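Asker: Got a structure for you, written out below as C-alpha cells; questions coming shortly.
All of the numbers you see were taken from the coordinates with simple rules; none came from a lab. None of the values given here were measured: they were computed from a predicted structure. Cβ placement follows ideal geometry from the backbone for every residue including glycine, while neighbour counts extend to all protein chains displayed.
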Amino acid sequence: MYSSYPYPGYGTAEHFHEDAVEKLIEILKRHGCRLRGGQILDVGCGTGHTSVCFARKLPETTVLGVDISPGSLDVAERYRHEAAIHNLEYRLLDITKEPPGEEAFDFAYLSGSLHHTSEPEVALRHVVRALRPGGFALVSVYSRYNNQERYRNRDLLSVLVPNPEDYATKVAVARELIPDARNKSDAEIIDAYAHCHERDYTYPELVDLMEQTGLTFLEWPGLGVPAIDLKLPVSGRLVVGLSPVRRCALAEILLRQMVMITALGKKAGG
C-alpha cells in the first residue's frame with residue numbers, strides 16, 4: 001500500500017513535523033535525554049519527514065529511520081540525498097521481526113506506526129531492546145474515542161469497494177462522498193480511510209502496553225495535566241484524586257479532540 005501511495009508526500013507536512021520535533025526536543029532535554037552526540041530511532045519513518053527534522057535540528061546526533069515499505073524509503077532516501085543530510089540513514093526493517101540494534105539508541109520515536117503493526121507488543125518490545133538503559137520512547141497511536149467519523153468513512157468505502165487493494169476506486173469514491181477527503185492527496189485518503197491494518201487504544205491501554213514492554217510512563221506530551229483540569233467540564237473535587245493517567249483518560253473521553261494519543265516513557269537503568 002505505502003509503496004504505491006508513499007505517505008506523507010513532501011510539500012504538505014513539513015511545517016507540522018518541524019513544530020512537533022522542536023517541542024519534543026525541549027521535552028526530552030527537560031527529562032535529561034542525551035541528544036547531542038546520541039542516537040535517535042524513527043520507527044515507521046515512512047517518507048522521512050520526522051527523521052529529516054531530527055537530523056537537521058540535531059546535527060551532532062545520528063538518526064536511523066526504519067520502515068517496512070521499500071517505496072516509502074525510496075522517497076525518503078531521495079529527499080535525504082537532495083537535501084545533503086549526512087547524519088541520517090534509512091533501513092528496510094520489519095520491527096515485529098527483529099530490533100534494529102541492541103541497547104544502541106537514546107530515543108525512539110513511534111508516531112502513527114505501532115497501531116499499524118500486526119503485533120504491537122512484540123514490536124514495542126523490540127524497540128525497547130534497542131534502547132540504551134535509561135533511554136526514552138515516544139509512542140503515538142489512534143485514539144478509540146476520537147476516530148468514530150473516520151471509522152464510518154472507512155467502513156463506507158469497504159462496503160462500496162469491497163476489494164481492499166482497489167485503491168484507485170477507493171480514492172475516487174472518497175472524493176465523491178466524503179467532504180473531508182476532497183482536499184486530501186491520494187496518499188492521505190488511503191492512509192485515513194483504506195489502511196489494510198490498524199487498531200486503536202484508550203489512554204490507559206497505551207500506558208499498560210508501554211509498561212508491559214519495559215517502559216515507565218512519564219507524561220502525555222502536548223496536553224499537560226493542569227491544562228486538562230482547566231478544560232474538563234466536571235467538578236474539580238472529582239478530578240483532584242485521579243492519577244495523571246486517569247485524568248488523561250477522562251480528558252480523552254470528554255473532550256474528544258485528539259485523533260492520536262501520545263505518551264512518553266523511559267526504559268529502566270542509565
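Asker: Rounded if a/c is under 1.5, else prolate if a/b beats b/c, else oblate: with a ≥ b ≥ c from the C-alpha gyration tensor eigenvalues square-rooted, which is the stretch 109-253?
Answerer: Numbers: a/c = 2.80, a/b = 1.47, b/c = 1.91.
Cα axes put the stretch 109-253 in the oblate bin.
Asker: Could you calculate the contour length gain from residue 150 to residue 102, that is, 0.36 nm times the residue separation minus the distance between their Cα atoms, to one decimal place in nm? Please list the in-between numbers first.
Answerer: Values: separation 48, 0.36 × 48 = 17.28 nm, distance 3.77 nm.
Stretched out fully, the residue 150 to residue 102 stretch lengthens by 13.5 nm.
Asker: For residue 254, put the label point 7 Å out on the Cα→Cβ axis and report which residues of the stretch 141-164 keep their amide N under 20 Å from it.
Answerer: Of the residues in the stretch 141-164, 143-147 have backbone N under 20 Å from the label point off residue 254.
Asker: Radius of gyration and Dmax for the stretch 148-193's Cα atoms, expressed in Å?
Answerer: 9.2, 24
Asker: Please tell me the relative contact order of the chain in percent, rounded to the nearest whole number, where contacts are Cα pairs under 8 Å and at least six residues apart.
Answerer: Result for the chain is 19 percent.
Asker: Show me the GluC sites (Glu not before Pro) within the stretch 27-86 that DSSP assigns to loop and that have at most 15 other Cβ atoms within 10 Å of their Cβ.
Answerer: On the way: sites: 60, 77, 82; in loops: 60.
Passing both the DSSP loop test and the Cβ count: 60.
Asker: Let me ask something else. Would you work out the relative contact order for the stretch 148-193, in percent, from Cα pairs under 8 angstrom that are 6 or more residues apart? Present the calculation step by step, with values, prior to reporting the outcome.
Answerer: Working: 26 pairs, mean separation 20.2, N = 46.
So the answer I get is 44 percent.
Asker: Report the GluC sites (Glu not before Pro) located in the stretch 134-199 that are in a DSSP loop and have at most 14 other Cβ atoms inside 10 Å of their Cβ, or state none. Mind dumping the intermediate values first?
Answerer: Details: sites: 149, 165, 176, 188, 198; in loops: 165, 198.
Here the sparse-neighbourhood loop sites are 165.
Asker: If each of residue 182 and residue 22 carries a label point 7 Å out from its Cα toward its Cβ, how far apart are those two points in nm?
Answerer: 3.3
Asker: Sequence gap at least 6, Cα distance under 8 Å: using those rules, report the relative contact order of the stretch 78-161 to the nearest whole percent.
Answerer: Reported relative contact order: 31 percent.
Asker: Hey, another quick one. Extension gain residue 87-residue 239, at 0.36 nm per residue separation less the Cα-Cα distance, in nm?
Answerer: On the way: separation 152, 0.36 × 152 = 54.72 nm, distance 4.54 nm.
Gain on extension, residue 87 to residue 239, equals 50.2 nm.
Asker: Looking at 49, 72, 31, which one has the Cα that reaches farthest to the positive end of the dipole of the stretch 5-84 (charges on Cβ: Lys, Arg +1; Asp, Glu -1)?
Answerer: Value computed over the given set: 31.
Asker: Among the listed pairs 23/97; 57/267; 23/266; 97/170; 29/266, which have their C-alpha atoms separated by more than 20 angstrom in this model? Can you show the working numbers first?
Answerer: Details: 23/97 31 Å; 57/267 24 Å; 23/266 18 Å; 97/170 31 Å; 29/266 13 Å.
Pairs exceeding the cut-off: 23/97; 57/267; 97/170.
Asker: Next up: So if each residue of separation counts as 0.36 nm, and I subtract the Cα-Cα distance between residue 60 and residue 198, what length gain in nm does that give? If you can, show how the numbers build up before the last one.
Answerer: Numbers: separation 138, 0.36 × 138 = 49.68 nm, distance 3.52 nm.
Answer, rounded to one decimal: 46.2 nm.
Asker: Please identify which residues in the stretch 39-61 have an amide N closer than 15 Å to a label point set 7 Å out from the Cα of residue 79, following the Cα→Cβ vector.
Answerer: Correct set: 42-57.
Asker: In debye, nearest 20, what is the charge dipole magnitude of the chain about its Cα centre with +1 on Lys and Arg Cβ and -1 on Asp and Glu Cβ, if you could check?
Answerer: Details: 30 positive and 36 negative charges, 172 e Å.
Dipole size: approximately 820 debye.
Asker: Calculate, axis by axis, the spread of Cα positions in the chain along the three principal axes, and write the results as whole Å, longest axis first.
Answerer: Sorted largest first, the three principal extents are 52, 50, 32 Å.
Asker: Applying 1/(1 + (r/R0)^6) with R0 = 22 Å to the Cβ-Cβ distance of residue 268 and residue 246, what FRET efficiency is obtained, to the nearest 0.05?
Answerer: Working: r = 23 Å, r/R0 = 1.07.
Efficiency, rounded to the nearest 0.05: 0.40.
Asker: Additional query: When the chain is modelled as a GNM with alpha-carbon springs shorter than 10 Å, which of 84, 192, 104 fluctuates the most?
Answerer: Highest fluctuation of the listed residues: 84.
Asker: Next up: How large is the helix-only mean residue ellipticity at 222 nm for the chain, computed as the sum of -39500 (n - 2.57) over DSSP H runs with n ≥ 4, divided by its residue count, in deg cm²/dmol to the nearest 500?
Answerer: Details: 11 runs with 115 residues, N = 270.
So the helix-based figure for the chain works out to -12500 deg cm²/dmol.
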